[in-house]
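Single-structure report; data block below.
What follows draws every value from the coordinates through simple rules; no lab data is involved. Worth saying up front: this structure is predicted, and the values here are computed from it rather than measured. Here the Cβ positions follow ideal geometry from the backbone for every residue, glycine too, while neighbour counts run over all protein chains shown.
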Amino acid sequence: MRLAVLADIHGNADALRAVLHDARIQGAEGLIVNGDVVNRGPDSVQALETLLNLPASFPHGVRFTLGNHDDLLRLWQARSSSLPADWFSDPFWGATAWSAEQLERAGLLHTAADWPMSLTLSAPGLPDVLVSHGTPDEYREGISERTAPQRIEELSGAGRFGLLIGSHIHRQADAVFELAGGPSVRVLNTGAVGAPADSDPRAGYLLLTAVPQGWRIELRRVLYDRAGVLRRFGSSGLLKTGLSAEIFREEIVTARSLYTPYWTWTETEHLPRTAATWAAFLRQYPADAWRAESPKL
């Protein structure tokens, strides 16, 4: 059994197509979409429709977990009290409002309502695998080699899960944690299809293959032409929604995390999120100075 595990597509249909093509070539029989199909990029509707209507070339089907952006757009459109009330009148959130409206018009806004926070994979004779966008407890809690060993022990159920697969942090990771007095746990992060944050613009995903010797892992990167998605930021109308759309576009150009450190900086300095503060942020903090581990909404 060979599965492709992909995540953080973020409305980038070109990157998604490239990864799906590569997964077929590599012989993937099924897909796990580990959250954040939508928002940020201009193609939320197209990306979600593509995944919901995949051909039978993946005989083991397609399964989804819930990502924070998949949930955010539903919460946004419902004006949920779980979101800060001032967000709804803040122009900075224009891109989120635009994406939520696009999904609602297409009848897809509530598609993610039944997606679980995590999935468990099992194969005879192999350790169980836990897959979640962040963790089963919190979809914004990314896992990697930087995660505290105690937290890995908790997430693995003291070794019940021999392999933990996460996404959310927009970079790939592969680390082994030795549990005290117990088995080792391997931690993997898929990286991002649509918006990598590790200076490598190629789309990232994970191939997971069950073989008699154990789970065989391949973290893959796929080159694609970014010109189309960058152009659609303008032609779709997304770029007209304001600053956040501009930042999301720049993240694809640079393959760096910009939104999260900018948000953190404005919060710390008590500054409004405006074109002027964005320009000031870029002058003070070059993109390669930031290593964000848990992207904000």
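Couple of notes before you dig in:
- The chain, dipole about Cα centre (Lys/Arg Cβ +1, Asp/Glu Cβ -1), debye to the nearest 20: 580 debye
- Debye equation applied to the C-alpha atoms of the stretch 205-264, log10 I(q)/I(0) at 0.13, 0.16 Å⁻¹: -0.54, -0.67
- Crossing angle, helix 13-25 versus the chain [Cα axis fit, 0-90 degrees, rounded to tens]: 20 degrees
- Relative to the compact-globule estimate of 2.2 N^0.38 Å, the Cα radius of gyration of the stretch 1-104 comes out at 1.18.
- The stretch 102-162: C-alpha gyration tensor shape, a/c 1.5 cut-off, then a/b vs b/c: oblate
- Descending by average beta-carbon neighbour count within 10 Å, the peptides 34-43, 193-202, 275-284 line up as 34-43, 193-202, 275-284, the highest first.
- Nearest 10 degrees, 0 to 90: helix 243-254 Cα axis against the chain principal axis: 50 degrees
- Here residue 137 and residue 176 are evaluated by their C-beta separation; at R0 = 22 Å the FRET efficiency comes out at 0.50.
- Distance (nanometres) between label positions extended 7 Å along Cα→Cβ at residue 274 and residue 88: 2.5 nm
- Projecting the Cα positions of 25, 126, 156 onto the charge dipole of the chain (unit charges on Cβ atoms of Lys, Arg, Asp and Glu, taken about the Cα centre) puts 25 furthest along the positive direction.
- Square roots of five times the Cα gyration tensor eigenvalues for the chain, Å: 31, 22, 18
- Look at 21, 133 and count the other Cβ atoms within 10 Å of each Cβ; fewest to most, that gives 21, 133.
- Förster radius 22 Å - calculated FRET efficiency between residue 199 and residue 283, Cβ distance, rounded to 0.05: 0.65
- Along principal axes, Cα extents of the stretch 138-297, largest first, whole Å: 54, 37, 23
- Rounded to 10°, Cα long-axis angle of helix 259-269 versus longest principal axis of the chain: 60 degrees
- Along its first, second and third principal axes, ordered by size, the stretch 53-160 spans 52, 40, 21 Å in Cα coordinates.
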